[in-house]
Amino acid sequence: MINKIIKPDFKSTLKEDRVFHPSKKFSANAHIKNMAEYTKLYNESIKKPEVFWAREAENLEWFKKWDNVLEWKQPFAKWFSGGKINCSYNCLDRHLSDKGTQSAIIWDGENGDKRNITYNELHEEVCKLANVLKGFKVKKGDRVVIYLPMIPEVAIAMLACTRIGAIHSVVFGGYSSEALKVRINDARAKVVITVDGGYRKGNKTRMKDAVDEALSGVKFVKNVIVVKRNGIKVQMKKDRDFLYGDLMKKASSVCQPAKMNAEDPLFVLYTSGTTGIPKGVVHTHGGYLTQVAMSAKYIFDLHPNDKFWCTADVGWITGHSYVVYGPLLNGVTTIVTEGLPTHPTPERPWKLIDKHKITQFYTAPTAIRMFMKIGRAWPARHKLKSLKVIGTVGEPINPEAWTWYYNNIGKRRCPVVDTWWQTETGSILVTSLPGATPTKPGSATLPFFGVDVAVVDMKGKKTKVNEGGYLVINKPWPSMLRTVYKNDERYKKTYWNEIKGVYFSGDGARRDKDGYIWIMGRTDDIIKVAGHRLGTMEIESALVSHKAVAEAAVVGKQDEIKGEAIVAFVSLNLKFTESEKLINELGAHVVKCIGPIARPSQIIVVDDLPKTRSGKIIRRILKSIAEGNEIKGDTSTIANADILEKLKKL
Ligand code: PRX
């Protein structure tokens, strides 16, 4: 919403002139070999999107071909309407004749457990679970919430839903029971698939308990399927809860894929926005599958027998598109890992790459900065010869981290793809192509095929070279979100009303003289902590729900490793006074409401918050204080000016 947009400081201090070219050897074998090929295809994709996307869609198997490639009544798009398709069929069945015995998933558990699942086996498991869901009367369009750690069952569950046309909604396993409840309620899920508990840094966690809490008083969830992972004792509610293993033993492995309309919803994924309530981002079958499949192929230059490792959790969009769907649609092997990459030792990722001969590695800047801090001695012990492309996503990458990644993980051989996209975009929209694009550390480079981007001011006017502005997308693309679940108004308002006629990403950016895009971060009240997207309003709502807190304002503060850290300013109700105990309690309260990812790294008690005369909190001032910077800009609008002096003393 426009009034939530912080007037961004669009001055970029980043100076980076280095350019890295793909090696001739890499380019020779790449799908897109040079900039001329990129430009030709890009121009076609923009000028004749219908021709371009029809050709890409034909790489998937359709039960019935579409009538129209695109119907666009802004802001509502329909791609491939009239077409009939099934996601699990495209991820599994069509590969079975030539890849049945090839690994679909190689899984590395945190406690040393390992599994290797072939395409044949994955197909069988998916069909069985789809039949289990059918047995629970789950039908086309019903919602199934998946609350699992990074175990193969998370992919099996997603694919099983798509097989019968149920809409999955994966909730990140680190979310608390309260955050889970909000999502289950909004989706009105019929079934929840969960686990007894998982592992984190060698400790056993409890997840079924969180489901039980989330479901207290909820009538519409008819069944809970519980995977056994860490063996802790859990309560099983009679006639509602069933063990996954028991159900699967009895299930048939024959299940015909449902013929879904291209525009039927495939999944709903909740993400933080600028209000306290998360948005259910809706993605559909035909467009999402087409663009995810082709983006994975070109951007990571996938070839048969590749082994693709994306370190994201499946609870986020990156996990949906590039742990599960992108690799499987392309018939390659996906590596799924549970727990922290640095546990049990910081050598884990590099050992895994050498052991499995992993070909693509896709991670986040936070992880790269963490590896950097731990030291290059760990990756230096490993050859990492199998790697071909390395990628980054989720937050801006600083040139130092980019160069470290290129030197120490890519060993100066592998192109780095810095990929910009969002939960809403479904797939990567701004990126380099590894065999073609000269890269500049810190820049996500150029728009991907079919993506008509611009950097504009609030009136929609293009900014000048290197002048900051808002990153917008001018035309619809197949994997774009279709709406916010059950809330078309919020969809229109958030994405298509800020700047007339274009998709508003919420990110600030600039374009350099070569047209390269440099993302400058969010311009609204969303912060990125270790690549995780959190709405400041969500954290503020959590804080004020504590009896001691009168008011709260949350800002992001630059952090060397996590990109941004959460700083909360709170004023207390009269009966309460500041103490270490209370501060700890407030931190724990946020964890209870949202989850450990939202715990503020600092909670500062203040007498009052700086506000405008209309009562709006001036976060810009709080951000300067949190970062230890001088308060710049206009302070004349502050209604309670006396607070400023007190804040300065902080
Ligand atoms: O601010 C941008 C940042 O992540 C936001 C989207 O977050 P989410 O929906 O959680 O999806 C993350 C994974 C796709 C964007 O609005 N972002 C994502 N990729 C990059 C980035 N910022 C800079 N560079 C990137 N490569």
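Laboratory data are not the source of any read-out in this text; all were calculated from the coordinates shown. Worth saying up front: this structure is predicted, and the values here are computed from it rather than measured. Note that we place each Cβ from the backbone using ideal geometry, even for glycine, and neighbour counts take in every protein chain shown.
Pull up the DSSP beta bridges for the range 530-648 and report the antiparallel fraction as a percent, rounded to 5.
Numbers: 12 of 16 bridges.
About 75 percent, rounded to the nearest 5.
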Computed log₁₀ I(q)/I(0) - Debye formula, equal Cα scatterers, no solvent, the chain, q 0.06, 0.10, 0.11, 0.12 Å⁻¹: -0.31, -0.93, -1.14, -1.38
Tail weight of P(r) past 25 Å, computed on alpha-carbon pairs of the range 1-146, percent: 64 percent
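Add +1 for every Lys or Arg and -1 for every Asp or Glu among the other residues with Cβ under 11 Å from the Cβ of Arg511, and state the total. Provide the component values of the computation, followed by the final result.
On the way: positive: Lys462, Lys464, Arg510, Lys513; negative: Glu467, Asp512, Asp514.
Every neighbour counted, the sum reads +1.
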Sum of -39500 (n - 2.57) over DSSP H runs of 4+, divided by residues of the chain (222 nm, nearest 500): -8000 deg cm²/dmol
Neighbour net charge for Ala262 - beta-carbon separation under 15 angstrom, K R +1, D E -1: -1
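Over the chain, what relative contact order in percent results from Cα pairs under 8 Å that are six or more residues apart? Walk me through the intermediate numbers first.
Working: 1409 pairs, mean separation 91.4, N = 650.
The normalised contact order for the chain reaches 14 percent.
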Lysines whose Cα lies under 21 Å from that of Lys492, excluding same-chain neighbours fewer than 8 positions away: Lys4, Lys73, Lys78, Lys279, Lys459, Lys461, Lys475, Lys500
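Only bridges with both residues in the chain count here: give the DSSP antiparallel percent, nearest 5. Mind showing how you got there, number by number?
Values: 59 of 97 bridges.
Expressed as a percentage, antiparallel bridges in the chain total about 60.
What is the sum of charges around Asp108, taking Lys and Arg as +1, Asp and Glu as -1, for the other residues whose C-beta is under 11 Å from the C-beta of Asp108? If you can, show how the numbers build up before the last one.
Values: positive: Lys114, Arg115, Arg348, Lys351, Lys355; negative: Glu110, Asp113, Glu338.
Charge balance in the 11 Å sphere: +2.
Hey, any idea what Rg/Rh is for the range 530-648, computing Rh the Kirkwood way over Cα pairs?
Working: Rg = 14.0 Å, Rh = 14.7 Å.
So for the range 530-648, dividing Rg by the Kirkwood Rh gives 0.95.
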Counting all C-alpha pairs of the range 364-464, share separated by more than 18 Å (%): 52 percent
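Count neighbours as other Cβ atoms within 10 Å of each site's Cβ, and list the trypsin sites (Lys or Arg not before Pro) in the range 355-424 that are DSSP loop with at most 16 such neighbours. Please list the in-between numbers first.
Working: sites: Lys355, Lys357, Arg369, Lys373, Arg376, Arg381, Lys383, Lys385, Lys388, Lys411, Arg412, Arg413; in loops: Lys357, Arg376, Arg381, Lys383, Lys385, Lys388, Lys411, Arg412, Arg413.
Answer by residue number: Lys357, Arg376, Arg381, Lys383, Lys385, Lys411, Arg412, Arg413.
If you average 1/r over every pair of different alpha-carbon atoms in the range 199-315 and take one over that average, what Kirkwood value in Å do you get?
Values: mean 1/r = 0.0533 Å⁻¹.
It works out to 18.7 Å.
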